[in-house]
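Chemist: Questions regarding the structure given below will be posed in turn.
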Amino acid sequence: MQPSSEQRHKVLVIEDSVELAEAIAKALSGAGYTPRVAFTAGEGLRAAAEEMPDLILLDLMLPDGNGVDVCRRLREVTSAPIIILTAVTAEEERVRGLEAGADDYVTKPFNMRELLARVKAVLRRRAPAEAPVHP
């Protein structure tokens with residue numbers, strides 16, 4: 001089945017776990033998205049500035065930076081929706097991420113179908129509304 005044109009969005013995955021990043025990229029690609037993976041905060045910030053993704057999946061715990069700080073820095077270069085991926089279950093940390101500019105969060109471990117549904121929902125909310133049809 002050919003993916004619809006609305007699904008051909010660029011998604012930047014900033015995740016230091018190679019296995020998880022590859023699994024997410026594979027799932028995104030299978031759902032018709034164009035994934036790009038970055039394994040560090042620095043690489044992710046560069047990719048966001050260069051490629052202007054339609055959505056960013058951001059791990060909170062990166063080897064070279066705190067995800068909350070990365071989220072703030074991403075907001076300086078892009079208005080793309082950000083979904084935080086986190087193993088941190090403390091409410092305070094999730095709230096900090098949302099206050100830093102994230103649009104949603106998913107707690108690890110997660111079901112890939114749920115992640116894809118959240119990606120689709122966030123992109124759907126971001127899409128421009130169609131012009132009303134007048135009789």
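The values are calculated or read from the model by the stated rules, or taken from the named source; none is laboratory data. Just so it is clear, the structure is predicted and the values come from calculations on it, not from any experiment. Neighbour counts are summed over all protein chains in view; Cβ atoms, including those assigned to glycine, are modelled from backbone coordinates with ideal geometry. SASA here: full protein model, heavy atoms, side chains in, ligands and nucleic acids out. Shrake-Rupley method; radii C 1.70, N 1.55, O 1.52, S 1.80 Å.
Chemist: Could you point to the label whose value was computed as percent of Cα pairs over 22 Å apart for the structure here, given [x] 60; [y] 38; [z] 32?
Modeler: Structure-derived value, by its label: [z].
Chemist: Then there is this: Counting only protein heavy atoms, what percent of the accessible surface of the chain is carbon or sulfur at a 1.4 Å probe?
Modeler: The computed percentage sits at 52.
Chemist: Between V18 and T40, what length in nm is gained on full extension when 0.36 nm per residue of separation is reduced by their alpha carbon distance? Each step should come with its number before you reach the end.
Modeler: Details: separation 22, 0.36 × 22 = 7.92 nm, distance 1.08 nm.
Here the segment from V18 to T40 would lengthen by 6.8 nm.
Chemist: To the nearest 20 debye, what charge dipole does the stretch 45-135 have about its Cα centre, counting +1 at the Cβ of each Lys and Arg and -1 at the Cβ of each Asp and Glu?
Modeler: 260
Chemist: Averaged per residue, what accessible surface does the chain expose to a 1.4 Å probe, in Å²?
Modeler: 57
Chemist: Please identify the GluC sites (Glu not before Pro) of the stretch 29-135 that satisfy two criteria: DSSP loop assignment and at most 13 other Cβ atoms within 10 Å. Which are they?
Modeler: E130
Chemist: Same structure, new question: Take every Cα pair under 8 Å in the chain that's 6+ residues apart, average their separations, divide by the length, and report that relative contact order as a whole percent.
Modeler: Averaging sequence separation for qualifying contacts and normalising by length gives 21 percent for the chain.
Chemist: Would you work out which of M112, V88, G101 lies farthest towards the positive end of the dipole of the chain, given +1 charges on the beta-carbon of Lys and Arg and -1 on that of Asp and Glu, about the Cα centre?
Modeler: M112
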